[in-house]
1. Among the listed residues 39, 14, 29, which satisfies the condition of being in contact (Cβ under 8 Å) with a residue 12 or more places away in the chain and in contact with a helix residue (DSSP H, G or I) (Cβ under 8 Å, 6 or more places away or on another chain)?
2. May I ask you to list the residues in the range 8-28 that are loosely packed, with under 10 Cβ neighbours inside 10 Å and not in a strand (DSSP E or B)?
């Protein structure tokens, strides 16, 4: 449950994002990378 709560908090704290090809990076209000998602191969 702690991991899920931390993940949800990072999502809530996302202020900006960058999409680069198949990678989505979320940043907090200070500009720090908080979450990185990569598309799965089909």
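Bear in mind that the values in this text are calculations on the coordinates, not laboratory data. Fair warning: this is a prediction, and the values are worked out from it, not measured in the lab. In this analysis, Cβ positions are derived from the backbone assuming ideal geometry, glycine residues included, and neighbour counts consider all displayed protein chains.
1. Details: 39 fails: in contact with a helix residue (DSSP H, G or I) (Cβ under 8 Å, 6 or more places away or on another chain); 14 fails: in contact with a helix residue (DSSP H, G or I) (Cβ under 8 Å, 6 or more places away or on another chain).
So the residue among 39, 14, 29 that is in contact (Cβ under 8 Å) with a residue 12 or more places away in the chain and in contact with a helix residue (DSSP H, G or I) (Cβ under 8 Å, 6 or more places away or on another chain) is 29.
2. Filtering the range 8-28 down to residues loosely packed, with under 10 Cβ neighbours inside 10 Å leaves 12, 19-21.
Answer for the range 8-28, where residues must be loosely packed, with under 10 Cβ neighbours inside 10 Å and not in a strand (DSSP E or B): 12, 21.
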